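Visitor: The structure that follows is given in the form of structure tokens.
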Amino acid sequence: MTPNLPLDAILAAAIFAACKHQGHVRKDEHASPYITHPLSVAREIYTTVKVDDPPILIAAILHDTLEDTKTTQDELRLHFGEDVLSIVLEVTDDKSLSKERRKQLQVIHAPMLSYAARIIKLADKLVNCRDILHSPPTDWTLVRRQEYIQWSADVLAQVRGANPPLEAAFDKMAAQAEAELDFTLQPFDTVNQRPWGPKGSIPSP
Ligand code: NDP
Ligand code: ZN
């Protein structure tokens, strides 16, 4: 772990994201403040990846600002620089597309992501799946939780090799999910049998 992390820039990102996500809540039964999520993603990267690249931590904290708030690209560029903006853009879905198509594109685009974006993508899926396991959205059925974890495992399969410790943490969570949610994750080579597979049932626009 680097002794020279630019703590001021990291804390500035946390304050920025907290303001931008103000009033947003997670979908769990306690409606936790949304900011807990990007901070958890950054913390996972710090503790598990032992990252020595500050833009990854800053982009992790900001990773849902473009997608879920009114934050503009110019704001991110001005406050955090072009490198951070470009990582955040890589992990931002095009919200003009259907949720189904976005899920499919995440599977298709994952191998093209930069190292920094892969790490954030991995940590984001890990943190979300842990939430799905331990504090799920209140109205989700068991099947929906199982499907979300299967989809996350398919995205993860596309970035495997990026960071073994993070992948091991995902695999541990996945094994726990299989036991507690009573299902078996299917291997990636069957992904096209699922709607979000590159050749799955979701029609291209
Ligand atoms: P959503 O996109 O609606 O919700 C999941 C996202 O919500 C996560 O990726 C996460 O995003 C955020 N989130 C907020 N709070 C939590 C929490 N407590 N736990 C986990 N995630 C949380 O769901 P889907 O990704 O499943 O997208 C909708 C899809 O589900 C569609 O494809 C639709 O067809 C399908 N669907 C399936 C149903 C079923 O029963 N199988 C029923 C209805 C829809 P972030 O990281 O950005 O915060
Ligand atoms: Zn996220």
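Nothing in this text is a laboratory measurement; each read-out follows from the coordinates by a stated rule. Just so we're clear, the structure is a prediction, and the values are computed from it rather than from any experiment. Glycine also receives a Cβ, built like all others from the backbone with ideal geometry; neighbour counts cover every protein chain displayed.
Visitor: Hey, among the residues in the stretch 17-41 that are touching a residue at least 24 places away in the same chain (Cβ under 8 Å) and of a type in the set (A, V, I, L, M, F, W, C), which one's nearest to residue 90 (Cα to Cα)?
Guide: Among those residues, the one meeting the criterion is 41.
Visitor: For residue 179, are the conditions met, namely being free of Cβ contacts under 8 Å to residues at least 24 places away in the same chain and part of a helix (DSSP H, G or I)?
Guide: yes
Visitor: If we keep just the residues of the stretch 118-147 that are under 28 Å from residue 89 (Cβ atoms) and touching a Phe, Trp or Tyr at 6+ places or on another chain (Cβ under 8 Å), which is nearest to ligand 2 (Cβ to nearest atom)?
Guide: 128
Visitor: Within the stretch 131-176, work out how many residues are surrounded by fewer than 16 Cβ atoms within 10 Å (Cβ to Cβ), part of a loop (DSSP other than H, G, I, E, B) and among the aliphatic types (A, V, I, L, M).
Guide: 0
Visitor: Continuing with the same structure: Which one is nearest to ligand 1 (Cβ to nearest atom) among residues in the stretch 113-159 that are within 15 Å of residue 185 (Cβ to Cβ) and of a type in the set (Ser, Thr, Tyr)?
Guide: Per the stated criteria, the residue is 148.
Visitor: Moving on. Picking from 67, 44, 82, 75, which residue would you name as being of a type outside the set (Gly, Ala, Ser) and either surrounded by fewer than 14 Cβ atoms within 10 Å (Cβ to Cβ) or at positive phi (or both)?
Guide: Working: 67 fails: either surrounded by fewer than 14 Cβ atoms within 10 Å (Cβ to Cβ) or at positive phi (or both); 44 fails: either surrounded by fewer than 14 Cβ atoms within 10 Å (Cβ to Cβ) or at positive phi (or both); 75 fails: either surrounded by fewer than 14 Cβ atoms within 10 Å (Cβ to Cβ) or at positive phi (or both).
Result of the check over 67, 44, 82, 75: 82.
Visitor: For the stretch 24-35, check the following and say yes or no: at least one residue is part of a helix (DSSP H, G or I) and either touching a helix residue (DSSP H, G or I) at 6+ places or on another chain (Cβ under 7 Å) or of a type in the set (Phe, Trp, Tyr) (or both).
Guide: Checked against the condition, which is being part of a helix (DSSP H, G or I) and either touching a helix residue (DSSP H, G or I) at 6+ places or on another chain (Cβ under 7 Å) or of a type in the set (Phe, Trp, Tyr) (or both), the stretch 24-35 yields no hits at all.
Visitor: To continue, here is another question. How many residues does the stretch 42-70 contain that are part of a helix (DSSP H, G or I), without any contact (Cβ under 8 Å) to a residue 60 or more places away in the chain and among the polar types (S, T, N, Q)?
Guide: Counting residues in the stretch 42-70 that are part of a helix (DSSP H, G or I), without any contact (Cβ under 8 Å) to a residue 60 or more places away in the chain and among the polar types (S, T, N, Q) gives 2.
Visitor: Out of all the residues in the stretch 85-103, which are within 16 Å of ligand 1 (Cβ to nearest atom), farther than 20 Å from residue 202 by Cβ and crowded, with 17+ Cβ neighbours inside 10 Å? Show your work before the answer.
Guide: Going through the stretch 85-103, the residues within 16 Å of ligand 1 (Cβ to nearest atom) turn out to be 87-103.
If we keep only those that are farther than 20 Å from residue 202 by Cβ as well, we get 87-91.
Passing the criteria: 87, 88, 90, 91.
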